[in-house]
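What follows draws every value from the coordinates through simple rules; no lab data is involved. Since the structure is predicted, the reported quantities are computational estimates derived from the model, not experimental observations. Heads up, the Cβs are rebuilt from the backbone with ideal geometry, glycines too, and the neighbour counts pull from every protein chain shown.
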Amino acid sequence: MPDTPIRWGILGAGNIAHKFADAVAQDPDSMLVSVASNTPGKAAAFAEAVGISADESYQSLVGRDDIDVVYIATTHNFHTDNAALALNHGKSVLIEKPFTVNAPQAQFLVDLARDKGLFLMEAIWTRFLPTMIELKKRLNEQVIGEVQHMNLTFGGFAPDKYRPRLIDPALAGGVTLDMGIYPISFVCYLAGELPVQVQSLCQFSDTGVDERATYQFRFASGMTASIATSYNLKMKQEAVLYGTTGYIDYPDFQSGSAFAIHHHGGTNDVDDSAAVQLDQADNGFVYQVAEVVRCLRAGERESPLIPHTETVAIMALMDDMRQQWGLRYPFE
Ligand SMILES: NC(=O)c1ccc[n+]([C@@H]2O[C@H](COP(=O)([O-])OP(=O)(O)OC[C@H]3O[C@@H](n4cnc5c(N)ncnc54)[C@H](OP(=O)(O)O)[C@@H]3O)[C@@H](O)[C@H]2O)c1
């Protein structure tokens, strides 16, 4: 693809589409062309605020020939159909997390994109943050020796704007697909592999979705991880990584720009601590936008930072946990 701007379209004019539009506007190699909504008037209002055009149906947007890549910003339950629509019209696709609701849907999209020769990626934006890339580099350099355990908590009282879809089984609600996916992705990315053993528990909401959950992982390397997450409980948003010669505190691990490295050299006494502070954009979505642009220009059909096999495997991991809990969505 020549170095002309990458032309974006958005399906779904809800909460997250606004933040994404801002990120595209900041990317010098991108241009946001249009947004489509199935809700009458919503696309027009969004488009007017952002200064782009509007399509009054998804079909109309994917049929345009002035769009290269479509960002799927609908609720999880619609991701598969919306992404398939775009792929079947020759568009590359970036899908909000979770990629789909379950692994068979994810595999279907991966196969479709491969058959069509198109780019496809899950918008797990945290992976592309400079801080995450630096953290991975430091771990590879064994800055805390061999990582033995990770402990992550990630929770809060969901804002009113997110609550309706979070509690609704018909929209694939629940904390695991919405929030748990971040710490799961975090540990798998840093471990460089998927866990070989998984144990989990969840507390259901009155509406029958997972409101709070804990996951325990063991990896082939021997590393373990413990995660707790909730959309209805204020929790510290932090990751602590424990290695053989030190540990790392990463507060605000989902989007923060700083972490601290503490060395103990294999004893119970910390010898020294060092802060790592990175320059990171306020809207962290800009890094995933840049990665999509890079991939499209390089002719890559998936990002090496979030390969399709990993996206599908993490969906399967979450399927298995939901099956253990007896959480099946009404449309599954
Ligand atoms: N990366 C992040 O930080 C982040 C943050 C929040 C959300 N997300 C992800 O982004 C996606 C959208 O989340 P959101 O909070 O933006 O969702 P939302 O505003 O509640 O809904 C997004 C769009 O989905 C469609 N929709 C919602 N509820 C519907 C219903 N009951 N029936 C039919 N269509 C419905 C609408 O599309 P139309 O406009 O076409 O009517 C709506 O504009 C989710 O998959 C979520 O996981 C990511």
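Some notes on this structure:
- For the stretch 244-323 versus the stretch 7-82, the inter-centroid distance based on Cα atoms is 27 Å.
- Arranged from fewest to most other beta-carbon atoms within 10 Å of their beta carbon, S273, S185 become S273, S185.
- In whole percents, the pair-distance distribution calculated for the chain from its alpha-carbon pairs, binned every 10 Å from zero, is 6, 25, 34, 25, 9, 2, 0.
- Placing +1 on each Lys and Arg Cβ and -1 on each Asp and Glu Cβ, with no other charges, gives the chain a dipole about its Cα centre of roughly 420 debye.
- DSSP beta bridge pairing in the chain, given as percent antiparallel to the nearest 5: 55
- Environment charge at Y329 (Cβ cut-off 14 Å; Lys +1, Arg +1, Asp -1, Glu -1): -2
- When the GluC sites (Glu not before Pro) in the stretch 185-264 are filtered for DSSP coil states and for at most 16 other beta-carbon atoms within 10 Å of their beta-carbon, the remaining sites are E193.
- Kirkwood radius, the stretch 86-147, all distinct C-alpha pairs, inverse of mean reciprocal distance: 13.8 Å.
- Cross-link pairs exceeding 25 Å in C-alpha to C-alpha distance, out of K137/K161; K91/K137; K136/K236; K136/K161; K42/K236, comprise K137/K161; K91/K137; K136/K161; K42/K236.
- Residues D282, D81 arranged by fewest to most Cβ contacts within 10 Å: D282, D81
- For T74, T207, T4, T311, the sequence from fewest to most other C-beta atoms within 10 Å is T4, T207, T74, T311.
- Folded to 0 to 90 degrees: helix 15-26 orientation relative to the chain principal axis, Cα: 90
- Around N77: net Lys/Arg minus Asp/Glu count, Cβ-Cβ under 10 Å: -2
- Convex hull volume per residue in cubic angstrom - Cα atoms of the stretch 185-332: 172
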